[in-house]
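Novice: Before I ask anything, let me first share the structure, which is written out below as structure tokens.
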Amino acid sequence: MIKDLEVRHCRALVAVHDSGGVGAAARALGVAQSTVSETLLSLERLLGTPVTLRRTGREAVLTAAAEALLPHARTLIAVSEAGLAAATRPGKAVIRLGTVESISSFLLPGPLSDFRLSWAEVEVRITIGLCEDLRKRVARSELDVALTIEGADRTPDRHVVEAFWPAQLRMIVAPHHALAQRVIERSDLEGRTCLLADPEGAFNELVRSWVGNTPRPPRLESAGSIDGVKRGVLSGDAIGVLPDYAVAEELAARSLVALETGDPPPQIALCLTARQAPLPGSALASLMDKVGAALDGR
């Protein structure tokens, strides 16, 4: 009797690893916990060895044998999804790209236009979200690739394919702002309002850690969008926090001014993430190459 590794085995294994336990895996997959447990037992019977073990403080972790199987499980899931997509979507091929508002508005239009000239038959569907969520969706094969903003010192994720490009975080003010004409220290930000585009975005924690423990830390408020940050800065004395590429035109025109700081603002990086290296010559490989070339030429 032939016994094969099944996609359901792979999904359960990957979900337990990514979610940190059987219960969390069941919630992520939208099934009963007993279903995940039965699937793992079926996998253990197939392999002839345990795939999970209990540890204090964690519901379950993968065994060495399961860790060795993990990258192959991810590949099998991707191949299965690609096959289903090819069979159920015989028309236009689709690349699912996740990113954040600033990148979508200021960095992607050029490489996407170039890509469409060569791959007119491929549709690129863009999803806007939070960086951490987008990376997780890539790992779960819900997105094909993500372009996110990270702290420059973030540890690379060995379970996916990543490439990084340095970027600069700018603290911007109106030209008439009291801090615009001198070098400021972190203490100058005490009690002031800092506007960010997203209340839960990547910059919030970076700014908090950069400012450090002060008697009156700056208030971090959400303006709702990149344009909202710029308008808020121009209409009051708030300090905007944006990546350099999102405010380059305004800084060049001097309609907004970047604060000069004694200590540079926290370093950031642009991160291009795919679950695995795309096939050479594929549409996804071409898109990632064009995005990378655009980021290299910034």
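Novice: Would you point out which residue out of Glu81, Glu132 is out of contact with any Gly (no Cβ under 8 Å at 6 or more places or on another chain) and within 19 Å of Leu284 (Cα to Cα)?
Specialist: Glu81
Novice: Just checking, does the stretch 283-297 include any residue being surrounded by 13 or more Cβ atoms within 10 Å (Cβ to Cβ) and free of Cβ contacts under 8 Å to residues at least 40 places away in the same chain?
Specialist: Yes, some residue in the stretch 283-297 is surrounded by 13 or more Cβ atoms within 10 Å (Cβ to Cβ) and free of Cβ contacts under 8 Å to residues at least 40 places away in the same chain.
Novice: Among strands (runs of 3 or more DSSP E) lying entirely in the stretch 204-298, which contain 2 or more residues that are hydrophobic (A, V, I, L, M, F, W, C)?
Specialist: Filter on the stretch 204-298 gives 239-243, 267-274.
Novice: What's the number of the only condition in (1) surrounded by fewer than 20 Cβ atoms within 10 Å (Cβ to Cβ); (2) within 22 Å of the chain's Cα centre (by Cα) that Pro217 fails to meet?
Specialist: That leaves (2) as the condition not met.
Novice: Quick check on the stretch 229-236. Is at least one of its residues more than 21 Å from Glu101 (Cα to Cα), in contact with a Ser or Thr (Cβ under 9 Å, 6 or more places away or on another chain) and not polar (S, T, N, Q)?
Specialist: Looking for residues that are more than 21 Å from Glu101 (Cα to Cα), in contact with a Ser or Thr (Cβ under 9 Å, 6 or more places away or on another chain) and not polar (S, T, N, Q), one finds at least one in the stretch 229-236, hence yes.
Novice: What residue, among those in the stretch 165-201 that are crowded, with 21+ Cβ neighbours inside 10 Å and free of Cβ contacts under 8 Å to residues at least 60 places away in the same chain, is nearest to the chain's Cα centre (by Cα)?
Specialist: Restricting to residues being crowded, with 21+ Cβ neighbours inside 10 Å and free of Cβ contacts under 8 Å to residues at least 60 places away in the same chain, the top hit is Leu196.
Novice: Please return the ranges of helices (runs of 4 or more DSSP H) entirely within the stretch 64-161 where 3 or more residues are over 27 Å from Ser225 (Cβ atoms).
Specialist: 64-88
Novice: What residue, of Glu190, Glu162, is among the acidic types (Asp, Glu) and touching a Cys at 6+ places or on another chain (Cβ under 7 Å)?
Specialist: Glu162
Novice: Filter the stretch 127-143 down to the residues that are open to solvent by 40 Å² or more (accessible area, probe 1.4 Å) and either under 8 Å from the mean Cα position of the chain (by Cα) or not polar (S, T, N, Q) (or both) and list them by number.
Specialist: Answer for the stretch 127-143, where residues must be open to solvent by 40 Å² or more (accessible area, probe 1.4 Å) and either under 8 Å from the mean Cα position of the chain (by Cα) or not polar (S, T, N, Q) (or both): Ile128, Leu130, Glu132, Asp133, Arg135, Lys136, Arg137, Arg140, Glu142.
The values are calculated or read from the model by the stated rules, or taken from the named source; none is laboratory data. Remember, it's a predicted structure, so these values are computed and weren't measured experimentally. A quick note on method: Cβ atoms are made from the backbone with ideal geometry, for glycine too, and the neighbour counts reach across all protein chains shown. Protein only, heavy atoms only, side chains kept; ligands, DNA and RNA dropped before computing areas. Shrake-Rupley method; radii C 1.70, N 1.55, O 1.52, S 1.80 Å.
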